[in-house]
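Taken together, the values in this text are just the output of simple stated rules run on the coordinates, not laboratory data. Values in this document were obtained by computation on a predicted structure and should not be read as measured data. Cβ: placed from backbone, ideal geometry, glycine included. Neighbour counts: every protein chain shown.
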Amino acid sequence: MTFKELLDDGIIKLFTEKYSLEGTAFMLVLGGILLFIAAAGYLLGSLNSAVIFSKLFWHEDIREKGSNNAGMTNMFRVFGKKAGILTLAGDFLKTFLSVAVGYIGYGRGGAWFAGLFCMLGHMFPLYYKFKGGKGMLVCSFTLLLTDWPVFLIGLVVFVGTVLISRMISLGSIMAALTMPLFLYEWYEVFGESGALLGMRMPVAFLMAVCVVAAHVPNIKRIYAGDEPKVDLGKLFKKKKDKNGSGGDGSR
């Protein structure tokens, strides 16, 4: 099996060819592989970087500070640049490991499947009483590691929305909502009429729904005109008030 075949199909193709799996036997093997991918993604996702680093280095629980959200933006606002960068790196690492397991098991479709469960673990972590972050970073990293051209388009949407609205939460929501659309259109144009999408479309749609659902409080504040706006000139500067401020769209 070549590296490209591994990325496209995973070891399920090797099992199928070696043991001539079909019918019920194939479905049982595939089900086992997908179950393992889901479990690995969820357990890795449950390792919440923001919670771990806030307790390890600052002896505080980020979920009790600032906006109470266990994500990168709140870490930046409460503890500063180092905290935000550590959280970013930690979230990327767990997403990378999850996606790698998915690739090995079931190719690109498996990578997306692993990313979905990594995001669910991040949002509802088993180790932290199911209270985690909003999932946007994990969603973005999954897209980066599987379909990077679509990730770049989504990044443009996010940055553009934030520059116009000065609301990180709105940028996250818009990027999540447009992700399935851009993914579909990309493969319509470059992927043989969407034939290569596989399970990516339904998974992308579910990830978008999860991100938007996690931002419902932000949506309510946006509608009411109460959503805090970021000072773009000071976005990455450490604030003197270590308690931060509420209403972030942290990912």
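Assorted remarks:
- Theoretical FRET efficiency, 1/(1+(r/R0)^6), r = Cβ-Cβ of K13 and L177, R0 25 Å, to 0.05: 0.15
- FRET E, pair V29, M201, Förster distance 22 Å, beta-carbon r, rounded to 0.05: 0.40
- Each peptide in 218-226, 203-211 was scored by the mean count of other Cβ atoms within 10 Å over its residues; highest first, the order is 203-211, 218-226.
- Measuring between their Cα centroids, the range 59-81 and the range 196-218 lie 24 Å from each other.
- The packing ranking, built from the mean of other Cβ atoms within 10 Å per residue, places the peptides 157-167, 94-104, 46-56 in the order 94-104, 46-56, 157-167, highest first.
- Full-stretch length increase - N68, E185 - with 0.36 nm per residue and alpha-carbon distance subtracted: 38.5 nm
- For the range 110-118, backbone phi angles converted through the Karplus equation (6.51, -1.76, 1.60; θ = phi - 60°) give residue-by-residue couplings of x, 5, 4, 4, 5, x, 4, 6, 5 Hz, Gly and Pro being listed as x.
- Among the listed pairs K82/K229; K81/K220; K82/K134; K129/K229; K94/K220, those whose Cα-Cα separation exceeds 25 Å are K81/K220; K129/K229; K94/K220.
- For the range 199-212, Karplus couplings with θ = phi - 60° (6.51, -1.76, 1.60), whole Hz, Gly/Pro x: 7, 5, 5, x, 5, 4, 5, 5, 5, 4, 4, 4, 5, 5
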